[in-house]
1. If R₀ is 41 angstrom, what is the calculated FRET efficiency for the pair Q97 and I57, using the beta carbon separation as r and rounding to 0.05?
2. Angle between the Cα long axis of helix 99-126 and the longest principal axis of the chain, 0 to 90 degrees, nearest 10?
3. Calculated FRET efficiency, T106 and Y30, Cβ-Cβ r, R0 22 Å, to nearest 0.05?
4. Please find, in a Gaussian network model of the chain (springs between Cα atoms separated by less than 10 Å), the residue of S17, S98, S26 whose mean-square fluctuation is greatest.
5. Using +1 on the beta carbon of Lys and Arg, -1 on that of Asp and Glu, and nothing else charged, what's the dipole of the chain about the Cα centre, debye to 20?
6. Net charge near S38: determine it from the other residues with C-beta under 10 Å of the C-beta of S38, scoring Lys and Arg +1 and Asp and Glu -1.
7. Which residue fluctuates most in the GNM of the chain (Cα springs below 10 Å): V117, V94, V41?
8. Among L105, L65, L90, which one shows the highest mean-square fluctuation when the chain is modelled as a Gaussian network with alpha-carbon springs under 10 Å?
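Read-outs: derived from the displayed coordinates by stated rules, not from any lab. Note that the structure is a prediction, hence the values are computed from the model and not measured. Neighbour counts are summed over all protein chains in view; Cβ atoms, including those assigned to glycine, are modelled from backbone coordinates with ideal geometry.
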Amino acid sequence: MAVSAIPAAAIAAPAPSFSASEPLSSDTGYTTLDWDASGEVVIQQARKADFSDARTIYEGPNHALFLSGLSGGTYYFSLRDETGAQSAPLKLTVTHQSLTQALILTAIGFLVFIATVAVIFRGARDDK
């Protein structure tokens, strides 16, 4: 019975893949991409699903990337390893909170601040 060894180079590493199996969403304009890959990778970001407007946003050996400053809309990401194997695209939808909601929360915070300052001054005055 003959046993033949398979050279390590002949065993193909699995294609890189994003850790998220579902599309991502963000209401803040930032997110973290995580992936599994056996070596260095290239990540491309596009606004179109066909990647006709893709640009490289990362090249290197890491397994995560923090993205911030994303404006509202849909983004697509692809991951490619050193062998040229490519991941399935990952979709990210960014929907920022409304300006009205932000202004209401700011006003509530201001009212809480004013009430806190009033309580402090009233307590300090009563101690005299």
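1. Working: r = 25 Å, r/R0 = 0.60.
Once rounded, the FRET efficiency stands at 0.95.
2. Roughly 40 degrees between the two axes.
3. On the way: r = 20 Å, r/R0 = 0.91.
Taking R0 as 22 Å, the efficiency between T106 and Y30 is 0.65.
4. Of S17, S98, S26, the most mobile in the Gaussian network model is S98.
5. Here the chain has a charge dipole of around 560 debye.
6. Result for the local shell: -4.
7. V117
8. L105
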